[in-house]
Amino acid sequence: MTALTPLRNIPQGNIFRKGDVFVLFGELFGRGYANGLINEARNAGMTIIGITVGRRDENNVLRALTDEELATAEANLGGRIINVPLMAGFDLDAPTGELTPTDLIADMTLKGWQDDKLDWAHIEKCRAVGVNRFKDSVAQVMGELEGMIADGSNVFFAHTMAGGIPKVKVFLAIANRIYKGRGDRFMSTRALLDSDLGKLILMNFDEVTANTFQYLIEGSAAIRNRLEATGGQIRYTAYGYHGTEILLDGEYQWQTYTSYTQGQAKMRLERVAEAAWAQGIKATVYNCPEIRTNSSDIFVGVELSLFPLLIALKKEGGGAWADEQWQACRDLLEEGTSLEDLLQKIDAYNANDVMKSFRNYPAWPMDNSAELANLMIGTSEEITQMHKDRKSLVTDLLSALVLEGTGPLMFHETSNPAAPVLWLNHDIIAKQLNSLHG
Ligand SMILES: NC(=O)c1ccc[n+]([C@@H]2O[C@H](COP(=O)([O-])OP(=O)(O)OC[C@H]3O[C@@H](n4cnc5c(N)ncnc54)[C@H](O)[C@@H]3O)[C@@H](O)[C@H]2O)c1
């Protein structure tokens, strides 16, 4: 188990400057965490380079971006993109002419999936094909990068990859139950994890979310050696999740979103950073708070831990700017509903024994339960209904603030990182935001 190692002070260092290179290892989406880091890299005058995961054609064959797609992606990133598809995972890989894991599970049904068995020797062959494909593509990307990075410059590799849910109908239905279902529609995470389908998905999570960080570190060894030999420095970061300390009863306490089936993969990611660190490579996983993004919207209730950030902003010396954030949140609520009512609902939710029983760091990631789903998904729905517009929520605003706060924290800490695994909790994020806007 990783010791809980929060970042407690705002880091000030910065080794990155104009001419240095920032490489985003994952695609950039509008609300994604990576935006926080990109803003810092841009402000520091760094050259920004991105990659693509590629796209699938109508036969599911992985392809590079078309010229038009590439131009759009580069405009969105504000930098060049190396157009070699870096889709991770092996759900659509197989030895030539054989069935992919997705083919194997495509016919599973909601009735039978828990008893359906998979051919693990075949899955292993598919995994090997997927891993080799990804590593070969990393080698190509690094080959192109070589020519784009001058001797003696500093490089910041930011890994954002997470995912691995195979696209099959049956899993859409299962995911709707596991992450969104309550009452009759509830399904336990344990049912999934005990099934062959679940085991396959966990293997794919490991590949996408954790092993890609390893392949990045290994694949960039030649660049690392060259730059270090010429006076440059190289850093690696990745986004982790392992619960977050938020303000509960006036104190920062660790809590977590539950039904986090990716938890094992995120702990594997931490171990990748620790192993690299032990070899003298500066790789840091930043365990970040729950926010709403394209990737997390499936986890209904994940956003509930965001609300106490409003109180943290005040506790950490927030002034007029923090008051403005409170007011902006008030403006999103329906007439006759106060932010105080909403925060009281969150207090009651967090004080509930069901929620308390999940605040168990050593046992993370725990299986969900019907009681948890009822409470969490029910509270999420009630709070959404307190808004004027379901499409404009307090948690949109708070997610953007958290993302903004993590940018400078990660960027500056990475100049001289204290450890391979660091938590960015609500205390330090509130401090950073107040200091940016004070
Ligand atoms: N949203 C949260 O609450 C939260 C909390 C802590 C950590 N994180 C982590 O932050 C990182 C960025 O996520 P985000 O929430 O900002 O969402 P996002 O959707 O913006 O980013 C997801 C990233 O994963 C990449 N990706 C997805 N499937 C992939 C695949 N098969 N192969 C290669 N890359 C793939 C995408 O290209 C993208 O860069 C992830 O590692 C995520 O786990 C998110």
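Using the Cα centre as the reference, give the magnitude of the dipole from point charges on the C-beta atoms of segment 21-437 (Lys, Arg: +1; Asp, Glu: -1; all else neutral), rounded to the nearest 20 debye. Mind dumping the intermediate values first?
Values: 38 positive and 55 negative charges, 94 e Å.
It comes to approximately 460 debye.
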### Query
Starting at 0 and stepping by 5 Å, how many percent of the alpha carbon pairs of segment 330-438 end up in each bin?
2, 9, 14, 15, 17, 19, 13, 7, 3, 0
### Message
Can you bin every Cα-Cα distance in segment 206-278 into 5 Å intervals starting at zero and give me the percent of pairs per bin, rounded to whole numbers?
### Response
3, 14, 19, 17, 14, 12, 8, 6, 4, 2, 0
### Task
Please give the net charge around Leu342, taking every other residue with its beta carbon less than 11 angstrom from that of Leu342, where Lys and Arg add +1 and Asp and Glu add -1.
-3
### Summary
Per the charge dipole of segment 21-437 (beta-carbon charges, Lys/Arg positive, Asp/Glu negative, Cα centre), the residue among Ala312, Ala75, Tyr361 reaching farthest to the positive end is Tyr361
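Given N residues in segment 21-437, what is Rg(Cα) / (2.2 N^0.38 Å)? Working shown, then result.
Details: Rg = 21.8 Å, N = 417, 2.2 N^0.38 = 21.8 Å.
Scaled against compact globular proteins, the figure is 1.00.
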### Task
Quick one: check the C-alpha center-to-center distance for segment 333-347 versus segment 1-55, whole angstrom.
35
## Note on the structure
At q = 0.15, 0.16, 0.22, 0.24 Å⁻¹, the log10 of I(q)/I(0) for segment 119-190 from a Debye sum over equal Cα scatterers comes to -0.81, -0.85, -1.07, -1.13
### Query
How many angstrom lie between the C-alpha centres of segment 370-417 and segment 222-263?
17
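To the nearest whole percent, what portion of all C-alpha pairs in segment 393-438 is separated by more than 13 angstrom?
On the way: 596 of 1035 pairs.
Value for segment 393-438 (Cα pairs over 13 Å): 58 percent.
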### Message
Only sites in a loop by DSSP and with at most 12 other Cβ atoms within 10 Å count here; which trypsin sites (Lys or Arg not before Pro) in segment 348-438 make the cut?
### Response
Arg390, Lys391
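Expressed as a rounded percentage, what relative contact order does the chain have, with Cα pairs under 8 Å and six or more residues apart?
Working: 745 pairs, mean separation 95.0, N = 438.
So the answer I get is 22 percent.
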## Note on the structure
Farthest towards the positive end of the dipole of the chain, among Thr230, Leu343, Tyr215 and with Cβ unit charges of +1 on Lys and Arg and -1 on Asp and Glu, lies the Cα of Thr230
#### Entry: Calculated from backbone phi, Karplus (6.51, -1.76, 1.60) coupling profile of segment 80-95 in Hz, x at Gly/Pro
6, 10, 7, 8, 10, x, 10, 5, 9, x, 10, 5, 10, 10, 6, x
### Query
With contacts defined as alpha carbon pairs under 8 Å and 6 or more residues apart, what's the relative contact order of segment 283-438 in percent?
47
### Query
Hey, fewest Cβ within 10 Å first, where do Phe90, Phe299, Phe29 land in order?
Phe29, Phe299, Phe90
### Query
Cα-based Rg (one decimal) and Dmax (whole number) for segment 142-253, in Å?
20.5, 63
## Note on the structure
Taking the chain and counting helices only, DSSP H stretches of n ≥ 4 at -39,500 (n - 2.57) each over all residues, the nearest-500 ellipticity at 222 nm comes to -14000 deg cm²/dmol
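Bear in mind these aren't lab numbers, they're just calculated from the coordinates by the rules spelled out. Keep in mind that what you see is a predicted model, and the values were worked out from it rather than measured. Using ideal geometry, Cβ is built from the backbone for each residue, glycine included, and neighbour counts are taken over all protein chains shown.
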